[in-house]
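Every read-out reported here was derived from the displayed coordinates using simple, explicitly stated rules and does not represent laboratory data. Keep in mind that what you see is a predicted model, and the values were worked out from it rather than measured. Note that we place each Cβ from the backbone using ideal geometry, even for glycine, and neighbour counts take in every protein chain shown.
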Amino acid sequence: MLNLITLLRSGRVLLLLLLLNSLGAFTHAAAASLLAPAAAPAASAAADAAPPVTVIAVPNIAAAAETVDALLRDMVAGLAPTAKVTTIGRELAAFGRDFDATEKETRLALGAIYSQEQLGGLDTRWLSLLARLGDWEKTLTSRAVLLEGNLTQLDALQQSWQATRAAARDTGAPEAVQERANAVLSEIKRVQGLVNAARDQILTLQAQASRFETRASEQRAQIKRATEAALEGLLLRDSMPIWSAGSSGGVQIERW
């Protein structure tokens, strides 16, 4: 009888050990599965943040340099302001004067006794000004995106040719090959300066248009508040209802 009890107890201990062992395996597996998804995005982000730099083989440097020279010439040719951008730069000064005049008229109207027709007319003028600004901003944004893309491309070319020049020097490439790589890098730097200047011009025009949009939106908000106040005033009664004509008491003003 004692031997049977002992065996049963031993079996329970063995079963407990097996359960603990299984639980431990599950815990480790769960921990591993929880850690794996966190590590994968980090590795992916690191790979995205640091794309590999292309190193041009020495025998291909001359041909690659000709290709880059043609690309840079096309890029410089495309830096001339488009007709739309030129028009925006020319019209912004006149637009500012018209804008200031409308703003002054709005301020005077809001500070005096005004009618709904006056407010509606002013709001229509502000909408017209905002429409012009919206068209200009689309043109400027499209141009800014293009120039930003050029700068990104130039940065990639610069890194590639810096690595190529270093590799050519380390492998003892002929002096003429190293000078060709230096010439490409100098031209890339020159074009970067031109693209930066063109982008700054566009960003300046964008900032001016954005300030006008903010001010116009503020004026429209004031007109809206004034219009709502005027409509609210129309809902005031300055006499008693007809059904109260026979009642006593003075005239009351009350809201509906």
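The 3J(HN,Hα) values that the Karplus relation (6.51, -1.76, 1.60; θ = phi - 60°) gives for the stretch 197-207 are, in residue order, 5, 5, 5, 4, 4, 5, 5, 5, 5, 4, 5 Hz. Gly and Pro appear as x. In the neighborhood of residue 111, defined by Cβ-to-Cβ distances under 12 Å, what is the net charge if each Lys or Arg adds +1 and each Asp or Glu adds -1? Value of the local net charge: +1. Under the simplified labelling scheme, the residue 182-residue 124 pair shows an inter-label distance of 6.9 nm, with each label point 7 Å from Cα along Cα→Cβ. Only lysines eight or more places from residue 84 in sequence, or on another chain, were considered; those with a Cα closer than 18 Å are 138.
Between residue 217 and residue 190, the contour length at 0.36 nm per residue exceeds the Cα-Cα span by 5.6 nm. Descending by average beta-carbon neighbour count within 10 Å, the peptides 208-219, 83-94 line up as 208-219, 83-94, the highest first. Charge tally around residue 198: other residues with Cβ under 14 Å, Lys/Arg +1 each, Asp/Glu -1 each, net +1.
For the pair residue 112 and residue 200 in one chain, pulling the backbone fully straight at 0.36 nm per residue adds 27.4 nm over the alpha carbon distance. Label-to-label distance, residue 63 versus residue 90, with points set 7 angstrom from Cα along the beta-carbon direction: 4.7 nm. Full extension of the chain between residue 229 and residue 207 yields a length gain of 4.6 nm, computed as 0.36 nm times the residue separation minus the alpha carbon distance.
Label separation (residue 159 vs residue 100): 4.7 nm, computed from points 7 Å beyond Cα along the C-beta direction.
Each Lys or Arg adds one and each Asp or Glu subtracts one; over the other residues with Cβ under 12 Å from the Cβ of residue 97, this totals -3. From the largest down, the stretch 90-200 spans 85, 19, 17 angstrom on the principal axes of its Cα atoms.
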